[in-house]
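This report refers to the structure that appears directly beneath it.
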Amino acid sequence: MIDPPLERVDLSRLRDDFPILQTEMNGRPLVYLDSAATTQKPVQVLDAMDAYYREANANVHRGAYALAQEATERYEGARGKVARFVNADSSSEIVFTRGTTSSINMVAYGWGLHHLGEGDRILLTTMEHHANVVPWQLICRHTGAELVYLPIDADYMVDLAGLDELVDSRLKIIGISGMSNVLGTIGPVAVLVEAARSVDAIVIVDGAQMVPHSPVDLPALGADFVAFGAHKMLGPTGVGALWGRPERFEEMEPAEGGGEMIRDVGLHESSWADVPHKFEAGTPPIAEAVGFGAAVDYLSAIGMDEVRRHEIDITSYALQRLAEVPDLKVYGPVDPAARGGAVSFTLADVHPHDLATILDQEGIAIRAGHHCAKPLMRVLDVPATARASFYVHSTTDEVDALVSALWEARRLFGLA
Amino acid sequence: MSLDQLYREVILDHYRSPRHSGSLEHPDAHADGHNPLCGDEISLDLTFDGDRVSDIRISGRGCSISQASASMMANAVSGMTLDEVRDLERRFKEMMSIEEGGEEIDVKVMGDLAALQGVRRFPVRIKCADLPWTTLDEALSQRS
Ligand SMILES: Cc1ncc(COP(=O)(O)O)c(C=O)c1O
């Protein structure tokens, strides 16, 4: 299948593709600044999923009839699109999962459980999302392996000073966020890949934020596995992907068994289908995968270089405007080129939940809380932060709305 | 405007200078309250003199609504009999219920707590105002 020709997308027209951006919240035009939690969906994605159910719905890889063939083609076609989007060498490097969390768990239970033992080590950073912490804690419980962490430095970058000391034969897995959902920090994947190579450890990248927000060439990244999900890149919830090197997939056991993933099943033993089907037990989220395919088509039409350029522009503008607000502290790198578009902040003694309520009244959706990164909150020594996060449709007007609402918060809290 | 009704001066005052803050060395009852959704935390110690609350201390972290509600509650229930506490709790829950109507809010009885009535218009924040009361409930249930 040939992808549509790439045309530079006009930002003002692009917003028209998102029905929800035309709606109101609390009587104000919706200003959606929570794309790091989940993104809104363009009509192209909604239509692709709708069309699938209207025209092609059947179970995949099962029926001999034409409709089932069509369903299978759309499902496998989506795999091809996602594979091309991340520059994979083959579609079989993409396993569809339920999302980033289940992709990471698949590696933890499929690879970690079988390759780790007493005294082995898993290296993470203190900025990881719970999705890249808790599965490894569970694996440590099962295997007797232990977790070690790289800290975050004063500039909110991963502190690599202690890396050499942690790289030895005990090290089996390195887990690193490609882009922090709290700080925006871009993880030092290349450095960690090199460190891992020297001791034959594997690297799994939590790409939940990295893949949606920057051009990626996953084979060139050098990691062994990359986990990401559709819903943070304009696609639906309920589907994600695990990219992996073919030789690593061969070392991995299926973490789930059932239909679709077998070659033959006997009463006591079974053999597995080939990768990627070996890791896709049960009926997959077919319509969601189709929506995922439409989402990467949409992003490709914009061009990921353009997505990244816009993100740097809008983040740069936001950091400047936020700096005008007295007593506002941003947690994250100051250089827009060294970070993504998730901007965490606190404002004097106004609790982030109070900020979120105040902004909500202005039609502005931001996230307040620990952002599923409690270890990081302890490092930052705050119970919670407020977070504004941007995506392709975010505008400077929306940043302006955020900033004036923050002044309103100052007034309400007697800080003016 | 409703936000001004939510963030009344008296609420911000309790938030910034919580009354009865701290803990007790030998409490007769203790409970920890936690709102996993937003991370608000309350830790509560009580001592009794007969069926009267002789002392109450609260420590916590969280939004202005949960922390002000805790401070106001501590102020109000300190020195009350258990029956009086239960009655106040009932009135408070009623004040927080989303349905309009019900009993008129008696400012003389409710004191500063009446300032929290604006919370009712922000349904997601009602659980913040409720947290100290559910924590108090738990502490009281330990006693009986
Ligand atoms: C960096 C990061 N990792 C992992 C996740 C988990 O993604 P999901 O909940 O979609 O599985 C998220 C999203 O919340 C994230 O931002």
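The values are calculated or read from the model by the stated rules, or taken from the named source; none is laboratory data. Predicted model, so just to flag it, every value in this text is computed and none were measured. Here Cβ is always computed from backbone atoms with ideal geometry, including for glycine, and neighbour counts include all displayed protein chains. Please note that ligands, DNA and RNA were not included when accessible areas were found on the heavy atoms of the full protein model with its side chains. Shrake-Rupley method; radii C 1.70, N 1.55, O 1.52, S 1.80 Å.
Quick notes on this structure:
- Number of partner chain Cβ atoms within 10 Å, mean per residue of A:353-359: 6
- Per residue of chain B, the DSSP helices (runs of n ≥ 4 H) give a summed -39500 (n - 2.57) that works out to -13500 deg cm²/dmol at 222 nm.
- Counting only lysines at least 8 places from B:Lys108 when in the same chain, those with an alpha carbon closer than 23 Å to its own are B:Lys93.
- Other protein chain C-beta atoms within 10 Å of residue C-beta, averaged over B:120-129: 2.
- Per residue, chain A reaches -10500 deg cm²/dmol at 222 nm when only DSSP H runs of four or more residues are counted, each adding -39500 (n - 2.57).
- Cα-Cα over 24 Å, subset of A:Lys232/A:Lys329; A:Lys41/A:Lys81; A:Lys81/A:Lys232; A:Lys41/A:Lys374; A:Lys374/B:Lys127: A:Lys232/A:Lys329; A:Lys41/A:Lys374
- When only alpha carbons are used to place a centre, region A:249-270 and region A:92-115 end up 15 Å from one another.
- Alpha-carbon centroids, region B:10-62 and region A:304-348: separation in whole Å: 38
- The slack between A:Ser404 and A:Val199, meaning 0.36 nm per residue of separation minus the straight C-alpha distance, is 68.6 nm.
- Take each residue in B:35-44, count the other chain C-beta atoms within 10 Å of its C-beta, and the mean is 3.
- Cα convex hull of region A:138-288 - mean projected area over all directions, nm²: 11.1
- Remark: spin-label model distance A:Ala64-A:Asp349 equals 7.6 nm, labels positioned 7 Å along the Cα→Cβ axis.
- Placing +1 on the Cβ of every Lys and Arg and -1 on the Cβ of every Asp and Glu, with nothing else charged, gives chain A a dipole about its Cα centre of roughly 540 debye.
- Relative contact order computed over chain A (Cα-Cα under 8 Å; 6+ residues apart), in percent: 22
- Those GluC sites (Glu not before Pro) in region B:30-117 that DSSP places in a loop and that have at most 11 other beta carbons within 10 Å: B:Glu99, B:Glu100, B:Glu103, B:Glu104
- Cα centroids of region A:24-85 and region A:395-416: 36 Å apart.
- For chain B, built as a Gaussian network whose Cα springs stay under 10 Å, the top-fluctuating residue of B:Gly33, B:Gly60, B:Gly22: B:Gly22
- Gaussian network model of chain A, Cα within-10 Å springs - most flexible of A:Gly178, A:Gly303, A:Gly63: A:Gly63
- For region B:3-141, averaging the sequence separation of C-alpha pairs within contact (under 8 Å, six or more residues apart) and dividing by the residue count gives a relative contact order of 29 percent.
- About the Cα centre, charge dipole magnitude for chain B (Lys/Arg +1, Asp/Glu -1 at Cβ), debye: 420
- Antiparallel DSSP beta bridges within chain A, as percent of all bridges there, nearest 5: 60
- Sparse-neighbour loop sites [trypsin sites (Lys or Arg not before Pro); region A:25-97; at most 15 other C-beta within 10 Å; DSSP]: A:Arg62
- Taking packing as the residue-averaged number of other Cβ atoms within 10 angstrom, the listed peptides A:345-354, A:196-205 run from highest to lowest as A:345-354, A:196-205.
- Exposure of A:Glu55 as accessible area (Å², to 10), given a probe of 1.4 Å and all protein chains: 110
- Peptides A:373-380, A:256-263, A:237-244 ranked from most to least packed by the mean count of surrounding Cβ atoms within 10 Å: A:237-244, A:373-380, A:256-263.
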